[in-house]
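Accompanying notes for the structure given below.
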Amino acid sequence: MNETEQNSGNIVIGNDVTVKGVLHVPNRAIVNGAVDGEITAKELVVGQTGRIVGHAKTERADIYGQINQTLDVSQSLILRSTGKIVGVIQYTEIEIEKGGLVEGKLTQQQSAPAPAPPPPVVVSAPEPKDSSADEEI
Amino acid sequence: MFNTKSSNTPDTSKGMQSPSPFSSSASSPREDSPTTSASPSFGGYKPNMDLTSNSIKPSVISEEVVLTGNIKTPGALHIEGTVIGDLEVTSLVIGPTGTLQGNVNCSALNIRGKFKGASTCKELTISSSAQIDAKITYEEITLQRGAGLRGELHAANYVE
């Protein structure tokens, strides 16, 4: 991620700030206040004081605070020890730290959109390994 | 002659008796001390002493064993095979090759294999190799990245 990408399309909802409505965040959303409604972001970080009531949809979520109702994470979800999720969770990859609280239903999506492993590096120059490979054949 | 014999026999009997109570009294602490000191002196290896509150040896359902039925034990149970049934144990480990289908009531639940059913436990640990389709009520949860978990999770201490 380059600098322009990092600096655009982000939102920070500070402590004691309450937002009601629908939020579309192209990049990262940091929620330390309260969101009541719907939030869609590429990356969602809910701080310890943060709280989302409604529907949250993201690629990657890092939850230190609270989420109520629904959370839809297409890549990885990390619930920290102070985190609390009550409701329906959809995830591909999940991690829960000791102390984290989950109350509700979990469904795992297929991990098909996950990045494929990098193709093996083709070495044009012959290496001593090739001789061993020949021996095996 | 009789005096000497009679004096000799008590001497020998004393000689025999005096070591024997000494040896027995010495041997009994010797027998006790290894048992008490041997279990901690295994070095790094403590055979499941921490898993159970009491020192009952863990029961193991080995790989490729299929057990259908209910199990109740105050100790630990380690499943590497397949168990279909309801369990009531203190500590349960479902190993990477293990499969459990049924209801579990336990204090510590460590899942590395497959689990389908329902469980009520205090300490829930789900490792990355686990595949779970269950309804679990827990007090404390740890879930490693990579684990597959479908179903419902309920926190025992959760208040709306």
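We did not get these values from a lab; they are worked out from the coordinates using the rules stated. Just so it is clear, the model here is predicted, and its values are computed rather than measured. With ideal geometry, Cβ positions are generated from the backbone for all residues, glycine too; neighbour counts draw on all protein chains shown.
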Next on the checklist: Every residue in the stretch B:82-109 that is surrounded by 22 or more Cβ atoms within 10 Å (Cβ to Cβ) and outside any loop (DSSP other than H, G, I, E, B), please.
Outcome noted: B:83, B:87, B:91, B:92, B:93, B:94, B:100, B:104, B:109
Checklist entry - Among the residues of the stretch B:63-73 satisfying the criterion of being in contact with a strand residue (DSSP E or B) (Cβ under 9 Å, 6 or more places away or on another chain) and assigned to a loop (DSSP other than H, G, I, E, B), which is surrounded by the most Cβ atoms within 10 Å (Cβ to Cβ)? => result B:73
Next on the checklist: Please pick out the residue among B:128, B:59 that is of a type in the set (Gly, Ala, Ser), under 20 Å from the mean Cα position of the chain (by Cα) and surrounded by fewer than 17 Cβ atoms within 10 Å (Cβ to Cβ).
Outcome noted: B:59
Checklist entry - Quick one: how many residues across the stretch B:146-160 are surrounded by fewer than 13 Cβ atoms within 10 Å (Cβ to Cβ) and facing chain A (nearest Cβ under 7 Å)? => result 0
Checklist entry - Using beta carbons and a limit of 6 Å, which pairs, at least six apart or on different chains, have the first residue in the stretch A:88-108 and facing chain B (nearest Cβ under 7 Å) and the second one among the aromatic types (Phe, Trp, Tyr)? => result A:103/B:158
